[in-house]
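The values are calculated or read from the model by the stated rules, or taken from the named source; none is laboratory data. Bear in mind that the values here come from a model prediction, so they are computed numbers and not experimental data. Backbone-built Cβ (ideal geometry, glycine too); neighbour counts: all protein chains shown.
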Amino acid sequence: MTVLIPAVNGQVAAGLARRLRGENLPIRALARDRDRAETALGGSAGVEIQVGPLDDAALLAEALRDVDIAFLSVGTDPRQTELEKAFIDAAAKAALPHLIKLSTIDTVPDSPNPVGRWHADIERHLADSGVPHTILRPAYFTTNLLRTAAPSIKATGRWFGTSPNGRIAMIAPHDISEVAAAVVLDPALRGHTYDLTGPEALTLHEIAAILGELLGREITYATATPEQMREAMAARGVPDYYVEVALGIDRSVEAGLHASVTGTVAELIGRAPADASTLLARHLPAFAV
């Protein structure tokens with residue numbers, strides 16, 4: 001069974017490749033930059049890396065040749081919808097036997113998060129394509145905090161956002177990779193949509209308290225207005241599209257769309273997903289002074 005992983009630099013995609021490498025499965029990966037791909041994979045052993053852009057039709061046709069299953073996760077990008085639809089079209093043309101798509105738990109056409117709306121559009125396209133598929137819809141990634149909170153926490157002991165009341169059943173990318181591997185390895189798990197969460201739903205204030213206990217100093221989460229957040233992110237050089245994505249995630253969290261807790265991860269991989277304290281402890285140096 002040959003597995004194709006386009007955009008292999010992503011956290012979940014790279015984790016899946018590393019996991020499947022241990023199963024001695026033939027793995028083909030696509031990447032724009034070979035060096036970055038090899039860094040994400042911890043070396044290229046056991047992985048055939050093809051280099052080129054995901055909008056290269058000839059590259060996709062060649063990459064999909066003799067593939068049994070593919071994992072699609074372009075990552076948050078202004079062209080995500082375009083690129084994922086192009087891959088789905090190429091998969092349909094190649095009669096790909098099965099596609100696993102990474103989506104998000106707040107995927108609805110009217111999601112307050114633009115990424116949720118993008119995924120809703122892509123999921124409709126996938127359904128219309130006729131390609132057999134499985135959809136993974138994870139909640140908020142724990143590693144999002146490394147980008148949105150860690151620099152401010154390291155410098156000042158606090159961070160800001162616009163979702164003071166929402167709860168997050170955050171999940172580690174590693175656990176999502178394990179779920180994707182389970183679907184690759186067991187055909188009986190395919191053909192479903194899975195909502196993937198951590199074992200508990202916490203507010204950002206509660207997450208701040210956990211970080212405080214781990215770091216041994218007071219950590220706080222403070223509420224800001226969307227306008228204040230836009231100004232602060234613009235001052236840091238954050239691209240406009242990602243500013244709106246970050247604010248959209250906060251709106252989605254505040255609306256309760258990341259608060260549901262499911263037992264799906266444990267059902268699929270035979271163990272509970274890591275809890276917030278364990279996940280934050282793994283990345284503690286990023287928050288420490």
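General remarks:
- Residue within segment 214-232 that is under 21 Å from S163 (Cβ atoms) and under 20 Å from the mean Cα position of the chain (by Cα) present: no
- From A7, A58, A40, residue being at pLDDT below 95 and part of a helix (DSSP H, G or I): A40
Residue-by-condition table, conditions (1) closer than 30 Å to A95 by Cβ; (2) surrounded by fewer than 21 Cβ atoms within 10 Å (Cβ to Cβ); (3) in contact (Cβ under 8 Å) with a residue 40 or more places away in the chain:
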site	(1), (2), (3)
H133	yes, no, yes
A139	no, no, yes
T148	no, yes, yes
P164	no, yes, yes
M170	no, no, yes
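- Exclusive hit being surrounded by 19 or more Cβ atoms within 10 Å (Cβ to Cβ), aliphatic (A, V, I, L, M), within 27 Å of H133 (Cα to Cα) and in contact with a Pro (Cβ under 9 Å, 6 or more places away or on another chain), set V261, V265: V265
- If the condition is being of a type in the set (A, V, I, L, M), touching a Gly at 6+ places or on another chain (Cβ under 8 Å) and either over 25 Å from D106 (Cβ atoms) or not assigned by TED's automatic domain parsing to the domain that holds D250 (or both), then segment 185-239 contributes only I219.
- Identity of the residue in segment 269-289, among the aliphatic types (A, V, I, L, M) and either touching an Asp or Glu at 6+ places or on another chain (Cβ under 8 Å) or assigned to a loop (DSSP other than H, G, I, E, B) (or both), that ends up farthest from V179 (Cα to Cα): V289
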